[in-house]
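The block underneath contains the structure these notes are about, expressed in structure tokens.
The values are calculated or read from the model by the stated rules, or taken from the named source; none is laboratory data. None of the values given here were measured: they were computed from a predicted structure. Because the Cβ atoms are built from the backbone with ideal geometry, glycine has one as well, and the counts that use them run over all protein chains shown.
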Amino acid sequence: MTNSVSEVNVALLGLGVVGTGVAKVLIQDSNYLQSVYGKPFILKHILVNDLNKQRDSFIPQDIITNSLEDVLNDDNINTVIEVIGGTGTAYTAVKSALQNGTSVVTANKELIAKFGPELRTIAQSSGAQLLYEASTAAAIPVISSLRTQLSGNKIKSIRGIINGTSNYIVSQMASSNAKFQDALREAQDLGYAESDPANDIEGTDALYKICILATLAFGVDIKPEDVYKEGITQLEPQDFSMAAELGYAIKHLGICEVSDDQLMIRVHPSLIPTSEMLSKVDQVYNAIEIDGNLSGKIVLHGQGAGQDATTSAIIGDLLSIKANNESTASRSTNGPALKDIKSLITKYYIRISVTNEPGVLAKISTILGELNISIASVIQKDGTQSTEVAELIITTYRASEEDLQNALKQIKMLPVVRTINTILRIED
């Protein structure tokens, strides 16, 4: 790659919602960007799938191509912006660009979560930069905060509401007593959820993001498949009303935390005390709480998705690329070992449908007690379908995940137990 002294030549890979937003800024706000950076950014190529698709009038037709090879073989390109998504063409393009010494800005969380270590190594070897602020929380500057202002901290934990779709759904379930499917349908109607929302509602999107943050914060390379993950599909309206009665809100969290020099990463719905800031983050907003040994707890809050918010992060990364193309390294430490969810010690919320008869609680309490699980509170509610069925809502004191799961296996086998409806971890 030939570095231009007078201008920065950019190739944009992808022209969907976010790609169009990026192209608009590069073309229409070019004078402003030059005043900030000191050099003009010239959009040289836009890679698309369909050359004949109708596009916005501000897009110059002569820079649109469907040939990745033409883009990558242009020695005048200084920076590649990747907004294709996935790990097919995007992986090939980003890897090739970095190998050529061309810096890359990407919004691709799956790519960074799965191939980040490999791509960072290539970038450091070639002298290119790999920047991905937009991959985690769009306009919220969490990655740059970890890399710069908080880099002198020993990070204790990160807890984040990092998927706007799931947060919108749980917010609607909490505020209007909506069923999961109804809240999901509303999110789809408003454009917050895809027609196939699996990555959002099953926690995969949040999983990729918390892996990226854990890698930056703790200097370890994380494989997403090694991280415990739950989505929100099991939640029911009564869980939200019970949480409120107990003084909690339910939020879908990505969590990474260090204790005893071991790192635990997990993604699941949690009960958070209503006194905490994260409990008040609603609708499609995201928030990330970082706890450092020097900084204490810091909460970053804002729009974690959408065209403008994601474009903001991408342009911010573009403007932060060093003129000499010096590689931006992440933390380099002897990171803590990853520990299994079984070793988690926390409090729990359990909602169980049982036969409405004397002695049921005693049977359940006996099993919990034998596995060192102490009950903090019990609430009994009438069953929704029949007076013959009741619901027990049990909260526990701190106990191990392994003991709880073993207890639940035994409880499930009791003749008086109809269904174990919901198990949620309590974060307080």
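Pairs meeting the criteria (first residue in the stretch 164-177 and farther than 11 Å from residue 269 by Cβ and touching a residue at least 12 places away in the same chain (Cβ under 8 Å), second residue in a helix (DSSP H, G or I) and aromatic (Phe, Trp, Tyr), beta carbons under 6 Å, at least 6 apart or on different chains) are 174/240.
On the stretch given as the stretch 206-226, residues that are touching a Lys or Arg at 6+ places or on another chain (Cβ under 7 Å) and either of a type in the set (A, V, I, L, M, F, W, C) or crowded, with 24+ Cβ neighbours inside 10 Å (or both) total 5. Among residues of the stretch 41-67 being in contact with a Ser or Thr (Cβ under 9 Å, 6 or more places away or on another chain) and charged (D, E, K, R), the one that is farthest from residue 89 (Cα to Cα) is 56.
The set of residues in the stretch 97-138 that are under 21 Å from residue 222 (Cβ atoms) and either among the charged types (D, E, K, R) or assigned to a strand (DSSP E or B) (or both) comprises 104, 106, 109, 110, 114, 118, 120, 130, 131, 133.
Which one of the conditions (1) within 29 Å of residue 263 (Cβ to Cβ); (2) at pLDDT below 95; (3) surrounded by 17 or more Cβ atoms within 10 Å (Cβ to Cβ) does residue 192 fail to meet, given that it meets all the rest? Unmet condition: (1). Look at (1) under 27 Å from residue 203 (Cα atoms); (2) in a loop (DSSP other than H, G, I, E, B) and you find that residue 57 fails only one, number (1). The single condition among (1) more than 24 Å from residue 165 (Cβ to Cβ); (2) within 15 Å of the chain's Cα centre (by Cα); (3) charged (D, E, K, R) that residue 229 does not meet is (1).
In the stretch 398-410, the residues that are closer than 16 Å to residue 264 by Cβ and free of Cβ contacts under 8 Å to residues at least 12 places away in the same chain never reach a residue that is crowded, with 16+ Cβ neighbours inside 10 Å and of a type in the set (Gly, Ala, Ser) with C-beta atoms less than 7 angstrom apart, at least six apart or across chains.
Residues considered: 323, 305. Of these, the only one that is at pLDDT below 90, in a loop (DSSP other than H, G, I, E, B) and closer than 23 Å to residue 224 by Cα is 305. The set of residues from the stretch 227-249 being small (Gly, Ala, Ser) and either in contact with a His (Cβ under 6 Å, 6 or more places away or on another chain) or surrounded by fewer than 18 Cβ atoms within 10 Å (Cβ to Cβ) (or both) comprises 241, 244, 247.
Would you check if there is a residue in the stretch 57-64 being closer than 15 Å to residue 315 by Cα and buried (at least 17 other Cβ atoms within 10 Å of the Cβ)?
Checking the stretch 57-64: not a single residue is closer than 15 Å to residue 315 by Cα and buried (at least 17 other Cβ atoms within 10 Å of the Cβ).
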